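Rule-based calculations on the coordinates, nothing more; no lab input. Only a predicted model underlies this, so the values are computations on that prediction, with no experimental measurement involved. FYI the Cβ positions are ideal-geometry reconstructions off the backbone, even for glycines, and counts take in every protein chain you see.
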Ligand code: 3PG
């Protein structure tokens, strides 16, 4: 049995073509190094829309920062795309919904640049407090103006941190040493957690009324867009200096312009803008603002971390594996004991589709045995992926398989039980059909070579190695049936590899499941059905 990488390699050597990884923005050289030699790297300027859309036509993966818009149009232009990798944190330039619907995994590098972002915010606070950029420009201009640039200390000032997630926490920890009074606004954080990092929680109003400095560390969402606008600035102290190194638009830019130009507040430090670059923004004409061109993540360290992190994720995703940093698929961290069951489950999902005709109202996955002690939700995903693989023409992945079930009104359930009588681990996937009947397949993985076996079909005990072609025959138990279908397949040159016969009772319903070396045509199937007077006869194909 081949693992993802082996099959990728065989595919590559057969067709002399490597998966295409599109790099749409400047990334650390460590990124290409970490990707390794298995991919064709194509560089494109992600802000050049026609070039991007055309390059996406053959891309298996795309790597971006924040300037490339990976929207629904871009995803539709990429029929082979399997993963969008954001070498950074913010995902507001990626249409996650469109990617999910197309089965495309979205990954980011959630911790790569948090330290750099926190440090830049603190840099902006000091720039505003001590006029560092202006004093630098003035001196270089031949001036020596010491009193003009008299600043303020942070000591005993009230600094408000809006957003106490990863970056806000790092900012709080660093500011703790300056003897400032730290307050914070974050509706998702408990007072106890805030206290742990030395911050007293406050409402947004209290923040606006009390703060000498505000620094913002929240993602941009419909709720946070314009969070700080004219109403909020109206409550502010005159000496307020406000910093935004998160996303443009969280501070309403027009309201900020009014507050700064009328000296309602003392200053602002911005690393981010509604439009980037902020061409012709009136904000840039003000002398009480310090601006940087979205440099929060622009350090050697952050870029190296982000590049290596997404390169690893892209390698995993293109090998068909799940990725811990995927944002639109569950089950990323998988215990080693669970992994061998993933491919078995995907194939069992295909067998189940063949048995049930795909007409399910519910799909149940049962996991029994030692692996039930771990998170096995990935086995549910794998079963669904397999089930839909032969059902639809579009790409099916761990990403969109749950969505496909939801869109078809198929309820999906997972149950686990640490006890298993016959096998160390055994998994079952069942389809509850529209008429209330049940189709099911059980399987297990055996030994160090992870041999995949089917151990029950529709409740009948069998023992068959996983194979590419199965034929399932249900008929009335009587002598001579094996000889009849054996001859019928032999006459058509179809070789039987393995065979299992089971029955309810003598003369009752009987089942033959065989694996054959080649695909069985509908015509042969029909001949056999007539010859053995089968109640049901199905050819089931599995992609190995
Ligand atoms: C992020 O969301 O990770 C930061 O804003 C950095 O964006 P960038 O990768 O475009 O610099």
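Overview of values
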read-out	value
For segment 265-383, convex hull of alpha carbons as volume per residue, Å³	233
Cα long-axis angle, helix 300-318 against the chain (0 to 90 degrees, to the nearest 10)	20
Residue exposure sequence - 492, 449 - by fewest surrounding Cβ within 10 Å	449, 492
Between 0 and 90°, nearest 10: helix 4-15 axis offset from the chain longest Cα axis	80
Residues 155, 185, sorted so that the one with the fewest Cβ neighbours within 10 Å comes first	155, 185
FRET efficiency, 1/(1 + (r/R0)^6) with R0 51 Å, evaluated for residue 330 and residue 531 via beta carbons	0.60
Label point distance in nm, residue 375-residue 45, each placed 7 Å from Cα along Cα→Cβ	4.2
Percent RCO, i.e. relative contact order, over segment 404-479, from Cα pairs under 8 Å lying at least 6 residues apart	16
Gyration tensor over alpha-carbon atoms, segment 1-160, equivalent ellipsoid semi-axes in Å	45, 17, 16
Computed over segment 189-274: relative contact order in percent, which uses C-alpha pairs under 8 Å that are six or more apart	29
Whole-number D in µm² s⁻¹ for segment 371-459, Kirkwood Cα-pair radius fed into Stokes-Einstein, 20 °C, 1.002 mPa s	148
Cα→Cβ-extended label distance, 7 Å offset, between residue 141 and residue 450, nm	6.6
Contour minus Cα-Cα distance for residue 478 and residue 195 (0.36 nm per residue)	94.1 nm
The chain - mean residue ellipticity at 222 nm from DSSP helices (-39,500 (n - 2.57) per run, n ≥ 4, rounded to 500)	-9500 deg cm²/dmol
Kirkwood hydrodynamic radius of segment 324-409, Cα pairs, Å	13.2
Relative contact order, percent, segment 323-468 [alpha-carbon distance under 8 Å, six or more residues apart]	27
Extent along principal axes [Cα atoms of segment 187-299; Å; largest to smallest]	44, 33, 26
Helix axis angle, 377-389 relative to the chain longest principal axis, alpha carbon, degrees	60
Gyration tensor verdict on segment 446-539 (Cα atoms; rounded if a/c is under 1.5, prolate if a/b is larger than b/c, oblate otherwise)	oblate
Theoretical gain in end-to-end length, residue 53 to residue 506 [0.36 nm per residue, Cα-Cα removed]	156.6 nm
Pairs of alpha carbons in segment 85-178 whose separation is greater than 18 Å (percent)	63
Potential lengthening between residue 231 and residue 155 on full extension [0.36 nm per residue; Cα-Cα distance subtracted]	24.5 nm
The chain - Rg over Rh from alpha carbon coordinates, Kirkwood radius	1.12
For q = 0.14, 0.20 Å⁻¹, Debye-computed log10 I/I(0) when each Cα of segment 388-544 counts as one equal scatterer	-0.86, -1.42
Alpha-carbon Rg/Rh ratio, for segment 162-243, with Rh computed the Kirkwood way	0.94
Footprinting exposure proxy for 529, 86, 368, 408 (fewest neighbouring C-beta atoms within 10 Å first)	408, 529, 368, 86
Two-site FRET efficiency, residue 287 against residue 174, from Cβ-Cβ distance with R₀ of 41 Å, rounded to 0.05	0.90
